[in-house]
Amino acid sequence: MSASSFPVIAIDGPTASGKGTVAHRVAERLGFHYLDSGALYRLTALSALRSGTPLADEHALSKLASGLHCSFSGDKIMLANDNVTNAIRAEEVGNTASKIASLPTVRQALYGLQLSFRKPPGLVADGRDMGSVIFPQASLKVFLTASPEARAERRYKQLIDKGFSANMEDLLKDLWERDARDTNRAISPLKPAEGAHLLDTSAMTADQAVEQVLQWYAELKKH
Ligand code: CDP
């Protein structure tokens, strides 16, 4: 069986919409693999920050992206021999990731790596362009949103839990900026893929969102 015959559930949405948590739990429930595509942009950003690569040097950045030595096991993310699970969650890394994600050659450099996550019995992929560009044939596409306030609050909790300091006002400002960058970029802009189910989770728990995605998937398999 070729990799393209294994099912993919694509879960896209804006920053801090909770898609990571939801995608992770859906993958666990189905026994599927999980792709956190944002982590690949964050790993590239961290490599750039650590090596002092100028953000204007697209060629050098795309070389960093295509040469990423990273591995994922459970929640642990390694960059070469370094455990960077927490380091890539810093706001500075997220902001840099969002900037370099607008560079076409960086996106191209990460394309093959993302496809390689599609393995039996299936994949849940989370990001901005999973359903629109990377896995356009996904069995199920979900576009997960939440109000900016709900998202800022979630991001705040996430950062504090990881031991980073955070401030709601700065977070909201960052969130608007990141939304604007993700939505307005020329390549793979953030938007619901064709045929995507919209899920506004502002007033939902992560578990309720998980149940909704699983229900859509179960319905699809009936037909
Ligand atoms: O945590 P947050 O949702 O802000 O971001 P993330 O999913 O960890 O991704 C980090 C950055 O990478 C985002 O701000 C996006 O600009 C970018 N990204 C992207 O362009 N395409 C993807 N498939 C995933 C992330």
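The values are calculated or read from the model by the stated rules, or taken from the named source; none is laboratory data. Bear in mind that the values here come from a model prediction, so they are computed numbers and not experimental data. Heads up, the Cβs are rebuilt from the backbone with ideal geometry, glycines too, and the neighbour counts pull from every protein chain shown. Heavy atoms of the whole protein, side chains included, go into the accessibility calculation; ligands, DNA and RNA do not. Shrake-Rupley method; radii C 1.70, N 1.55, O 1.52, S 1.80 Å.
Things to note:
- Taking each residue as 0.36 nm, the span from A180 to D207 lengthens on full extension beyond its C-alpha to C-alpha distance by 6.9 nm.
- Using the average count of surrounding beta-carbon atoms within 10 Å as a protection proxy, the listed peptides 80-87, 59-66, 11-18, 186-193 rank, highest first, as 11-18, 59-66, 186-193, 80-87.
- Shown for the stretch 3-222: the carbon plus sulfur share of the solvent-accessible area, taken with all protein chains present and a 1.4 angstrom probe, equals 52%.
- Pairwise Lys count, the chain - Cα closer than 19 Å, eight or more residues apart or different chains: 15
- 5 angstrom amide H check on H197, placed H, neighbours 5+ away: K141, V142, F143
- Modelled spin-label separation between S2 and H223, with each label point placed 7 Å from Cα along the Cα-to-Cβ direction: 2.5 nm.
- Three-way shape label, the stretch 99-223, alpha-carbon gyration tensor, a/c 1.5: oblate
- Linear extension gain, L113 paired with F72, 0.36 nm per residue minus alpha-carbon span: 13.5 nm
- Once the Cα-Cα distance is subtracted from the 0.36 nm per residue extended length, the M168 to N86 segment shows a gain of 27.5 nm.
- Alpha-carbon centroid distance for the pair the stretch 73-92 / the stretch 1-43, whole angstrom: 17 Å
- Over the chain, equivalent-ellipsoid semi-axes from the Cα gyration tensor in Å: 26, 21, 17
- Å² per residue, accessible surface of the stretch 111-195 at 1.4 Å: 51 Å²
- Using θ = phi - 60° in the Karplus curve 6.51 cos²θ - 1.76 cosθ + 1.60, the 3J(HN,Hα) couplings for the stretch 8-25 round to 10, 10, 9, 10, 10, x, x, 4, 6, 7, x, 5, x, 4, 5, 4, 4, 5 Hz; x is entered for Gly and Pro.
- Max mean-square fluctuation residue, GNM over the chain, Cα-Cα springs under 10 Å, options I88, I160, I100: I160
- Restricting attention to the chain, close to 25% of DSSP beta bridges with both partner residues there are antiparallel.
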